[in-house]
1. Please verify whether segment 141-159 includes one or more residues that are in contact (Cβ under 8 Å) with a residue 60 or more places away in the chain and among the polar types (S, T, N, Q).
2. Which residues, counting only those in segment 40-53, are crowded, with 23+ Cβ neighbours inside 10 Å, among the aliphatic types (A, V, I, L, M) and closer than 12 Å to A72 by Cβ?
3. Answer with yes or no whether G120 is out of contact with any Leu (no Cβ under 7 Å at 6 or more places or on another chain), modelled with pLDDT under 90, within 30 Å of A432 (Cβ to Cβ) and not aromatic (F, W, Y).
4. Does segment 144-176 hold any residues that are open to solvent by less than 10 Å² (accessible area, probe 1.4 Å) and in a loop (DSSP other than H, G, I, E, B), and which are they?
5. Here is a check on your reading of the model: is P368 surrounded by fewer than 21 Cβ atoms within 10 Å (Cβ to Cβ), touching a residue at least 12 places away in the same chain (Cβ under 8 Å), not aromatic (F, W, Y) and not in a helix (DSSP H, G or I)?
6. So, in segment 221-263, of the ones that are aliphatic (A, V, I, L, M) and open to solvent by less than 10 Å² (accessible area, probe 1.4 Å), which residue ends up nearest to V53 (Cα to Cα)?
7. Does G347 meet the test of being at pLDDT below 90 and either more than 21 Å from R399 (Cα to Cα) or surrounded by fewer than 19 Cβ atoms within 10 Å (Cβ to Cβ) (or both)?
8. Taking the conditions exactly as written (more than 26 Å from G256 (Cα to Cα), touching a residue at least 24 places away in the same chain (Cβ under 8 Å), aliphatic (A, V, I, L, M) and surrounded by 16 or more Cβ atoms within 10 Å (Cβ to Cβ)), does L353 satisfy them or not?
Amino acid sequence: MTYTLVAEVASTASSAFGGSEQAYLFQARQMQALSFAAHIPLVCFGIAFPAFVVFAEWLHLRTGDEVYRVLARRWAKVMLALFAVGVVTGTILSFEMGLLWPNFMATFGDVFGLGFTIEGISFFVEAIFIGIYVYGWNRLSPRAHLLTGIPIIISGFSGSLMVIAVNGWMNHPTGFTLKNGHAVDVHPFAALFENSYFWHELIHMYIAGYMVAGFLTASVYAWALLRGRNNRYNRVALIIPLTVAALASPIQIVVGDWAAREVAKAQPAKLAALEGLQTTQAGAPEHLLGWYDGHGVEYGIKIPKLLSLLAFHDPNAKVKGLDSVPVDDRPPVNVVRFSFQTMVGIGTGLALLGVVFVGAWLRLRRLPASRWFYRALVAAGPLSVVALLAGWITTEVGRQPWVVYRVMRTSEAVTGASGIPVGYATLALVYAGLAVAVAWLLRRLARAPMEPYEPLAGGQGAP
């Protein structure tokens with residue numbers, strides 16, 4: 001079904017679904033948000049980290065340098081540990097989709113079920129080949145072992161691609177007809193891959209995955225260098241992920257501009273919330289910082305016509321304001337606005353840090369010498385995660401009050417069961433325990449001695 005037809009039936013969707021306001025809707029949303037916050041950084045490592053591991057092993061095969069082999073073996077253990085944690089958080093998310101949002105799953109399961117099926121198959125393929133890769137170092141030939149890493153990269157890509165496709169459909173639903181509260185005439189391929197949100201969400205998330213995995217991994221070794229462990233192993237381990245993250249960061253700015261223009265066309269209420277634009281107007285201004293007070297942005301830095309220019313590449317273009325939609329259809333402005341500005345601010349800082357690294361490498365063929373660079377790099381790791389989560393808050397909260405945009409409200413999708421606050425508290429304790437376990441495991445892996453038959457090359461200077 002075309003998006004226009006979806007919009008036409010949206011006005012009658014509430015009665016058709018038969019949903020009712022749930023007393024614990026807020027807690028249900030917070031439970032889902034907590035699980036997403038725990039799982040999404042692991043998705044980034046599932047997207048990017050296998051490529052780092054395989055690349056390091058390929059460098060060993062090409063050069064014969066044992067440093068790359070040591071790095072690949074140690075990173076492979078980290079990859080296995082993070083995958084195991086991702087299994088736990090992903091399983092929790094799967095149960096939450098059915099338990100917290102039964103009306104959503106029952107109504108639209110036929111539309112996006114194909115995507116989750118492919119995601120499940122990708123998960124099993126990834127699990128099988130991670131096992132072969134991690135335990136096959138001394139059992140397979142070097143080339144055969146390298147090749148077993150390729151399916152890990154592909155399955156990590158395909159699994160997350162399906163989830164992103166479903167999310168793109170939720171933001172721009174198509175591929176079905178809604179009849180009496182049921183999705184009929186379903187075309188799963190069209191729903192997943194022909195909605196206008198698919199491509200920019202996919203590319204935006206994949207670049208973010210390489211940025212998060214790159215900066216977070218590099219920050220660990222930047223900390224080691226600051227503490228005086230300036231050996232070649234740590235420098236190589238820093239340069240590989242940092243190079244990828246540094247190259248990805250400026251590209252993300254361009255992709256972000258593309259995504260914002262798609263939002264301006266398909267979800268004008270979200271764009272208005274991002275910028276705190278109250279009234280529809282031509283030549284709309286941009287406000288940096290500031291607080292939306294229900295009528296406009298206070299204490300912000302106003303830049304005339306910039307919003308029209310960024311959204312439509314025309315400084316005099318008309319931009320729809322919050323007054324173009326009913327009050328009940330508006331997202332929480334300040335939450336969306338602060339998240340968006342946090343994402344953009346941190347992303348810009350990460351891009352500048354990447355430019356510094358690339359500039360120093362091209363001019364001097366070595367890492368920057370300033371300790372301030374390494375301090376900034378240590379901060380860049382956790383900040384990249386903050387930017388990632390802020391971006392997803394922008395996307396998901398900006399779509400509210402809709403779980404499927406202009407088709408089904410979140411209040412119509414939620415369960416009517418009681419006991420959600422208890423479940424929320426229990427889930428928080430589970431994730432706290434999981435975080436402690438992950439920190440302990442990664443610390444133990446970091447302190448594990450190098451294997452004696454894998455010597456490290458010493459010396460100073462760039463690898």
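1. Within segment 141-159, the first condition is being in contact (Cβ under 8 Å) with a residue 60 or more places away in the chain, and the residues that meet it are 142-143, 145-146, 149-150, 152-153, 156-157, 159.
Okay, now just the ones that are also among the polar types (S, T, N, Q), so none.
No, because not a single residue in segment 141-159 is in contact (Cβ under 8 Å) with a residue 60 or more places away in the chain and among the polar types (S, T, N, Q).
2. The answer is V53, and nothing else.
3. Values: out of contact with any Leu (no Cβ under 7 Å at 6 or more places or on another chain): yes; modelled with pLDDT under 90: yes; within 30 Å of A432 (Cβ to Cβ): yes; not aromatic (F, W, Y): yes.
So G120 passes the test.
4. The answer is G149, P173, G175, F176.
5. On the way: surrounded by fewer than 21 Cβ atoms within 10 Å (Cβ to Cβ): yes; touching a residue at least 12 places away in the same chain (Cβ under 8 Å): yes; not aromatic (F, W, Y): yes; not in a helix (DSSP H, G or I): yes.
Answer is yes for this residue.
6. At the first step, the residues of segment 221-263 found to be aliphatic (A, V, I, L, M) are 222, 224-226, 236-240, 242, 244-248, 251, 253-255, 259-260, 263.
Of the ones still in play, those that are also open to solvent by less than 10 Å² (accessible area, probe 1.4 Å) are 222, 224, 236-238, 242, 245-246.
Details: A222: 19, A224: 20, V236: 12, A237: 10, L238: 13, L242: 14, A245: 15, A246: 18 Å.
Checked segment 221-263; the qualifying residue nearest to V53 (Cα to Cα) is A237.
7. Values: at pLDDT below 90: no; either more than 21 Å from R399 (Cα to Cα) or surrounded by fewer than 19 Cβ atoms within 10 Å (Cβ to Cβ) (or both): yes.
For G347, the condition - at pLDDT below 90 and either more than 21 Å from R399 (Cα to Cα) or surrounded by fewer than 19 Cβ atoms within 10 Å (Cβ to Cβ) (or both) - is not met.
8. Numbers: more than 26 Å from G256 (Cα to Cα): no; touching a residue at least 24 places away in the same chain (Cβ under 8 Å): yes; aliphatic (A, V, I, L, M): yes; surrounded by 16 or more Cβ atoms within 10 Å (Cβ to Cβ): yes.
Answer is no for this residue.
The values are calculated or read from the model by the stated rules, or taken from the named source; none is laboratory data. These numbers were taken from a predicted model, which means no experiment stands behind them. Every residue, glycine as well, gets a Cβ built from its backbone with ideal geometry; the counts of neighbours run over all protein chains shown. Remember, those area values only see protein heavy atoms, side chains included, never the ligands or the DNA or RNA. Shrake-Rupley method; radii C 1.70, N 1.55, O 1.52, S 1.80 Å.
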